[in-house]
Amino acid sequence: QEVTKGVDFMVLWMDCDREGENINFEVLECCMHLMQGASPYDRVYRAHFSAINPSDIIKAYNSLGKPDRCQSLSVDARQELDLKVGVAFSRFQTRFFQGRYGDLDSAVLSYGPCQTPTLGFCVQRHIEMETFKPEPYWLLDLGVMNSGKMCRANWDAGRSFNRNKVDALVAKCRDASSPPASANVVSVVTKDKKQGRPVPLKT
């Protein structure tokens, strides 16, 4: 409110999503009446951006729009639904489970449209970890000595859970030529790779 007092224009730079749109109107409700002149909403603008790098900021500034009240109202509706559904289902499941399990260590079993599915993912992952049974697997590791230097060759398949298959490949390599065993290089591909700096966060 101190920053807004007496200004002629207002540009809102909130997150470019529905939640950000809802915050825009919360800001307007608190601050718009402090702007100078009549019809202050005509001098309120909304910046739409997805990254905080200079090019995106300049592009957003050069293409200002207006706040979207419909998106803001949709957030208000969702919040109200979340509250009513959460209260109703929390009461229902608390009574339901307390009637069947008297030793529950919680007075209230809360329900939320976000927290309950998230809890389901966590429980599912916990069950997978508890019931996981490790299986042995085998790798092919080929080392070629050339001019006193060791060159390591990686197997395209990565690994195999079939030991007989790996043993057969090892035997095939050993029998490929008479001692001393040798390897032929059929092609060489050289690539230059440049690691750029990390890009800004995009929402």
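What do you reckon, is LYS84 over 30 Å from GLY6 (Cα atoms), open to solvent by 50 Å² or more (accessible area, probe 1.4 Å) and in a helix (DSSP H, G or I)? In short, yes.
When we screen ARG163, ARG174 for residues that are open to solvent by 90 Å² or more (accessible area, probe 1.4 Å) and at pLDDT 80 or above, the only hit is ARG163. Of the residues that make up segment 183-197, is at least one closer than 30 Å to ALA60 by Cβ, of a type in the set (Gly, Ala, Ser) and modelled with pLDDT of 80 or more? Taking every residue of segment 183-197 in turn, at least one turns out to be closer than 30 Å to ALA60 by Cβ, of a type in the set (Gly, Ala, Ser) and modelled with pLDDT of 80 or more.
To keep it simple, each residue is scored yes or no on (1) out of contact with any Leu (no Cβ under 8 Å at 6 or more places or on another chain); (2) of a type in the set (Lys, Arg); (3) part of a helix (DSSP H, G or I).
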site: GLU2; (1), (2), (3): yes, no, no
site: ILE23; (1), (2), (3): yes, no, yes
site: GLU26; (1), (2), (3): yes, no, yes
site: TYR45; (1), (2), (3): no, no, no
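Remark: pairs (first residue in segment 137-151, assigned to a loop (DSSP other than H, G, I, E, B); second residue among the aromatic types (Phe, Trp, Tyr); Cβ separation under 8 Å; 6+ apart in sequence or on different chains) = TYR137/PHE161; LEU139/TRP155; LEU140/TRP155. Can you say whether LEU73 is touching a strand residue (DSSP E or B) at 6+ places or on another chain (Cβ under 7 Å), open to solvent by 70 Å² or more (accessible area, probe 1.4 Å) and either modelled with pLDDT under 90 or part of a helix (DSSP H, G or I) (or both), as far as the supplied structure shows? Answer is no for this residue. Looking at segment 1-48 only, could you name the residues that are under 15 Å from LYS66 (Cα atoms), in contact with an Asp or Glu (Cβ under 9 Å, 6 or more places away or on another chain) and open to solvent by 60 Å² or more (accessible area, probe 1.4 Å)? Those that are under 15 Å from LYS66 (Cα atoms), in contact with an Asp or Glu (Cβ under 9 Å, 6 or more places away or on another chain) and open to solvent by 60 Å² or more (accessible area, probe 1.4 Å): ASP15, ARG18, ILE23.
Going through (1) outside any loop (DSSP other than H, G, I, E, B); (2) modelled with pLDDT of 80 or more; (3) surrounded by 11 or more Cβ atoms within 10 Å (Cβ to Cβ) one by one, GLY112 falls short only on (1).
Can you find, within segment 126-165, the residue that is farthest from the chain's Cα centre (by Cα) among those that are farther than 29 Å from SER187 by Cα and acidic (Asp, Glu)? Here the residue is GLU135. Does ARG100 fit the bill of being surrounded by fewer than 11 Cβ atoms within 10 Å (Cβ to Cβ), out of contact with any Ser or Thr (no Cβ under 7 Å at 6 or more places or on another chain) and not in a helix (DSSP H, G or I)? Yes: the conditions hold for ARG100.
The values are calculated or read from the model by the stated rules, or taken from the named source; none is laboratory data. Being a predicted model, the structure only gives us computed values, none of them experimental. Positions of Cβ are backbone-derived with ideal geometry, glycine not excepted, and every protein chain shown enters the neighbour counts. Surface areas here come from the heavy atoms of the whole protein model, side chains and all, with no ligands, DNA or RNA. Shrake-Rupley method; radii C 1.70, N 1.55, O 1.52, S 1.80 Å.
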